[in-house]
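The next block holds one structure in the form of structure tokens; read it before the comments.
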Amino acid sequence: ASNSANAKSWAVALVSGITAFLVESEELKSFFIMLIPLLSLCYIDSYYLALERKFRKIYTRAVKAYQEGQLSKEFLYHLEPERVFLRDVICAAKSHSVWPFYFLVILVPVLFYILSNLGSRPHGSTP
């Protein structure tokens, strides 16, 4: 849970800092530079959520084995999760704790780009 919070706080700080810098320098068309680290943070957040889900499966199996009286020392000390595949990360990215946040955060540079293009269009011209 703390990994997710850290990724999200980095994303907000990144968008805030780069937005302030680009607005001050009047380089509004460079907002898409934010997408690379934002997509990376989204991937990291989704990866840790997928990993957490793998650990929860192990925990559930351990509790079930304990309740059935079949919990062995080997199982207890070998709590290594299965490998996290890209499909697991994509599934985690679809979670309500990931996609709405990153959708809105990624929407900011896109909106700033659109607004900066509207402001720079010569008066009276049509798209």
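Calculated [222 nm] ellipticity per residue, helices only, for the chain: -24500 deg cm²/dmol; basis is -39500 (n - 2.57) per DSSP H run with n ≥ 4, divided by all residues, nearest 500.
Toward the positive end of the charge dipole of the chain, with +1 on the Cβ of Lys and Arg and -1 on the Cβ of Asp and Glu, the farthest Cα among ALA20, SER116, GLN67 is that of GLN67.
In whole angstrom, how long is each semi-axis of the equivalent ellipsoid of the chain, when you take the square root of 5 times every eigenvalue of its Cα gyration tensor and sort them from largest down?
The equivalent ellipsoid of the chain has semi-axes of 46, 13, 10 Å.
Packing, as the average of other Cβ atoms within 10 Å across residues, places the peptides 35-44, 12-21, 61-70 in the order 35-44, 12-21, 61-70, highest first. For region 51-123, the fraction of C-alpha pairs farther apart than 18 angstrom is 63 percent.
With helices defined as uninterrupted DSSP H runs, which ones in the chain have an alpha carbon span along their own long axis of at least 27 Å and mean Kyte-Doolittle hydropathy of at least -1.0?
Membrane-span-like by this criterion, though nothing is claimed about a membrane: 2-25, 35-67, 99-120.
For region 69-109, the Kirkwood estimate of hydrodynamic radius, built from reciprocal distances between every pair of different alpha carbons, is 13.3 Å.
Every read-out reported here was derived from the displayed coordinates using simple, explicitly stated rules and does not represent laboratory data. All of these numbers come straight from a predicted model, not from anything done at the bench. Cβ sites come from the backbone with ideal geometry, for glycine too, and all protein chains shown count toward neighbours.
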